[in-house]
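Notes for the one structure printed next.
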Amino acid sequence: MSHPLKPPPVLDSSRVLQYAVLNASAAYSGHSDLYRDGVEVGPVPRLAICQEKKGPGVLLLHCDDNWKTLATAGYATIEEARAKAERIYPGVGKRWIDSDVSEQEAAKYLRHLWSPHRCSLCGRDPRQFEQSVEKNNVRICEFCVKDAYHMMREGQAELR
């Protein structure tokens, strides 16, 4: 089974800035201070530094062989994220690769990724709503359901 060495342009809806594929040259220190379901995460075969969706900070994602995120930690700068990664995986500093993903490329990738899940009426994607109804390949977000409800109530008031 082959494993992708390069991540997709976006992980967890965040643009990938840098990534590292770990091997023996970046050994796990034995402690990550990251927990998932009460169990400490580590070691992992892949790391990615991503631009947060909102705000100026970055995320350090600890990923499996297929770039599925196992744990995430936030940092103010790329340098802080890299320093923390170096404490967990001494030697990783030589393994970082710039992803060269522009904001436009990341946005295009997300549009493509979310296109089958958009609201059929307004075009919002699931990152912009929490609930939707779906039937016969038509998805309607909570906002459009609410708008339709209010329009129908106003219509009923006009009929009286």
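The values are calculated or read from the model by the stated rules, or taken from the named source; none is laboratory data. In this text the structure is predicted, and so the values were computed from the model without any measurement. Don't worry about glycine lacking a Cβ; one is built from the backbone with ideal geometry, like all the others, and counts go over all protein chains shown.
When ARG127 is tested against (1) touching a residue at least 12 places away in the same chain (Cβ under 8 Å); (2) exposed (fewer than 13 other Cβ atoms within 10 Å of the Cβ); (3) more than 30 Å from ASP147 (Cα to Cα), just one condition goes unmet, and that condition is (3). Annotation note: Cβ proximity below 8 Å between a residue of the range 90-103 that is on the phi < 0 side of the Ramachandran plot and a residue that is among the hydrophobic types (A, V, I, L, M, F, W, C) and in a loop (DSSP other than H, G, I, E, B) (sequence gap 6+ or interchain) occurs for PRO90/ALA26; PRO90/ALA27; VAL92/LEU22; VAL92/ALA26; LYS94/ALA26; ARG95/LEU22; ARG95/ALA26.
From the list ALA48, ALA81, ALA26, ALA73, the lone residue that is modelled with pLDDT of 95 or more and farther than 17 Å from ALA106 by Cβ is ALA81.
Of all residues in the range 120-160, those satisfying the criterion of being under 27 Å from VAL16 (Cβ atoms) and touching a helix residue (DSSP H, G or I) at 6+ places or on another chain (Cβ under 8 Å) are ARG124, ASP125, PRO126, ARG127, PHE129, GLU130. Residues that are assigned by TED's automatic domain parsing to the domain that holds ALA20 and of a type in the set (A, V, I, L, M): does the range 61-68 have at least one? Checked against the condition, which is being assigned by TED's automatic domain parsing to the domain that holds ALA20 and of a type in the set (A, V, I, L, M), the range 61-68 yields at least one hit.
When the range 3-25 is filtered for residues that are of a type in the set (A, V, I, L, M) and either within 18 Å of SER99 (Cβ to Cβ) or under 15 Å from the mean Cα position of the chain (by Cα) (or both), the ones remaining, listed by number, are LEU5, VAL10, LEU11, VAL16, LEU17, ALA20, VAL21, LEU22.
Yes/no matrix, rows are residues, columns are (1) more than 12 Å from the chain's Cα centre (by Cα); (2) in a strand (DSSP E or B):
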{"residue": "ALA27", "(1), (2)": "yes, no"}
{"residue": "HIS31", "(1), (2)": "yes, no"}
{"residue": "VAL44", "(1), (2)": "yes, no"}
{"residue": "LEU47", "(1), (2)": "yes, yes"}
{"residue": "PRO56", "(1), (2)": "yes, no"}
{"residue": "LEU61", "(1), (2)": "no, yes"}
{"residue": "ASP65", "(1), (2)": "yes, no"}
{"residue": "ALA71", "(1), (2)": "no, yes"}
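The set of residues in the range 5-25 that are more than 17 Å from THR72 (Cβ to Cβ), in contact with a strand residue (DSSP E or B) (Cβ under 9 Å, 6 or more places away or on another chain) and part of a loop (DSSP other than H, G, I, E, B) comprises LEU5, LYS6, PRO9.
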